[in-house]
Amino acid sequence: MPARVVGEIQSFADLSILPGESAPERVLENCNGFDALICTLMNKVTADFIDRLPPSIRLVATYSVGIDHIDLRALQARRIALVNTPDVLTEATADIAWLLLLGAARRASEAEALLRSGMWTGWEPNQLVGTDIHGSTLGILGFGRIGRAVARRAAGFGMNILTSVRSSSAGDPPPPGTIICSSMEEVLAGSDFLSLHLPLTEETQNWLNAERIASMKSGAIVINTARGGLIDETALIAALQSGKLGGAGLDVFVGEPDIRRDLVEAPNTFLLPHLGSATRRAREGMGLSLARDIAAFFAGRPVENGVGV
Ligand code: DGY
């Protein structure tokens, strides 16, 4: 946790910090007598884990905007409140979506590997030719805060933007020229690039499957900064291998940090280790937002980012 966040929490509470990857048993042993538990997306807060939390725990604060690692129903059944960290990571995550889009379109991984190998023999017309960004169409699925921030950047790159949602609680209107399609399938069929910003739920699990990939334009590029589980990775790998998809830029994976070997080896990919929110301002902002909400909750004031409470 950033030092400023540790200091902030310690200004009003006793804080005990375990390594992020601690086994559930170790976490459970250590939270006896504590009022709140701060977790990350690496901690699976399952129904069984929640059942075994000591009665003293009244609040779970997740160092993430995503809450798919938490069994919301089980928390509610135990009357444990939940807070998360929206907003503060929006711009950082949209930047990473753009890094992936640019990297996958312009074959950045291959290009860098060539240069570092010492095998580059100089400029030539057919070398590492990529996909044009300017003038192409970006489909954005999930038009909340991050989807909209990606769309704002796309306007600056001269892209056409497709989405399927007109309004959202996230605020700012879509950039001028955004085309609102009547379904997510219509977005899929019209996109040269597709960027996923949906929450991972039972309904969206494996949403981008073989059938939906087949309905995409040949050579389209898929970008995912949301959750690995939105994509059926077997179908994605097959589509990259056959050339149906022109590439993929991925920051999130099923079962991360254990990533399928055949995905790492698939052609035309630009892969990052879940770095969406990894800037100083965003990571500190996430922690300070949790600190504010923990303090508010125990002082009996309304929290800013309560989920289902
Ligand atoms: C989140 O917050 O859900 C991101 O995936 C990690 O920053």
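The values are calculated or read from the model by the stated rules, or taken from the named source; none is laboratory data. Please read these numbers as outputs of a predicted model, since none were measured by experiment. Reconstructed Cβ throughout: ideal geometry from the backbone, glycine too, with neighbour counts over all protein chains shown.
Below is a table of values for the structure above.
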{"item": "Subset of segment 18-41 [modelled with pLDDT of 95 or more and closer than 17 Å to Gly287 by Cα]", "result": "Ala36, Leu37, Ile38, Cys39, Thr40, Leu41"}
{"item": "Some residue of segment 26-39 being within 25 Å of Ala278 (Cα to Cα), of a type outside the set (Asp, Glu) and in a helix (DSSP H, G or I)", "result": "yes"}
{"item": "Residue in segment 83-107 that is nearest to Asp293 (Cα to Cα), counting only those that are within 13 Å of the ligand (Cβ to nearest atom) and hydrophobic (A, V, I, L, M, F, W, C)", "result": "Val83"}
{"item": "Complete set of residues in segment 190-224 that are closer than 24 Å to Ser136 by Cβ and within 16 Å of the ligand (Cβ to nearest atom)", "result": "Ser195, Leu196, His197, Leu198, Ile223, Asn224"}
{"item": "Complete set of residues in segment 248-284 that are buried (at least 19 other Cβ atoms within 10 Å of the Cβ), within 13 Å of the ligand (Cβ to nearest atom) and not β-branched (Val, Ile, Thr)", "result": "Leu250, Asp251, Phe253, Gly276, Ser277, Ala282, Arg283"}
{"item": "Some residue of segment 72-82 being within 16 Å of the ligand (Cβ to nearest atom), β-branched (Val, Ile, Thr) and in contact with a helix residue (DSSP H, G or I) (Cβ under 8 Å, 6 or more places away or on another chain)", "result": "no"}
{"item": "Residue ID - farthest from Ser218 (Cα to Cα), chosen from residues in segment 136-167 that are touching a strand residue (DSSP E or B) at 6+ places or on another chain (Cβ under 9 Å) and part of a loop (DSSP other than H, G, I, E, B)", "result": "Arg166"}
{"item": "Any chance Leu82 is assigned to a helix (DSSP H, G or I), in contact (Cβ under 8 Å) with a residue 60 or more places away in the chain and of a type in the set (A, V, I, L, M)", "result": "no"}
{"item": "All positions within segment 69-85 that are of a type outside the set (A, V, I, L, M, F, W, C) and touching a Leu at 6+ places or on another chain (Cβ under 9 Å)", "result": "His69, Gln76, Arg78, Asn84, Thr85"}
{"item": "Pair list, Cβ < 8 Å and 6+ apart or interchain, from segment 100-120 residues that are part of a helix (DSSP H, G or I) to residues that are of a type in the set (Phe, Trp, Tyr) and surrounded by fewer than 18 Cβ atoms within 10 Å (Cβ to Cβ)", "result": "Leu114/Trp120"}
{"item": "Test: Ala111 is out of contact with any His (no Cβ under 6 Å at 6 or more places or on another chain), at pLDDT 95 or above and over 30 Å from Leu37 (Cβ atoms)", "result": "yes"}
{"item": "Unmet requirement for Pro54, which otherwise passes all of (1) more than 24 Å from the chain's Cα centre (by Cα); (2) outside any loop (DSSP other than H, G, I, E, B)", "result": "(2)"}
{"item": "In segment 61-72, the residues that are surrounded by fewer than 20 Cβ atoms within 10 Å (Cβ to Cβ), out of contact with any Gly (no Cβ under 9 Å at 6 or more places or on another chain) and not small (Gly, Ala, Ser)", "result": "His69, Asp71"}
{"item": "Any chance Arg148 is more than 25 Å from Lys244 (Cα to Cα), buried (at least 19 other Cβ atoms within 10 Å of the Cβ), touching a residue at least 12 places away in the same chain (Cβ under 8 Å) and not polar (S, T, N, Q)", "result": "yes"}
{"item": "Unique residue being at pLDDT 95 or above, exposed (fewer than 14 other Cβ atoms within 10 Å of the Cβ) and out of contact with any His (no Cβ under 9 Å at 6 or more places or on another chain) when the list is Arg52, Arg58, Arg78", "result": "Arg52"}
{"item": "Qualifying residue in segment 225-243 (condition: touching a residue at least 12 places away in the same chain (Cβ under 8 Å), touching a helix residue (DSSP H, G or I) at 6+ places or on another chain (Cβ under 8 Å), assigned to a strand (DSSP E or B) and within 16 Å of the ligand (Cβ to nearest atom))", "result": "no"}
{"item": "Residue tally, condition under 23 Å from Gly276 (Cα atoms) and either within 12 Å of the ligand (Cβ to nearest atom) or in a loop (DSSP other than H, G, I, E, B) (or both), over segment 58-70", "result": "9"}
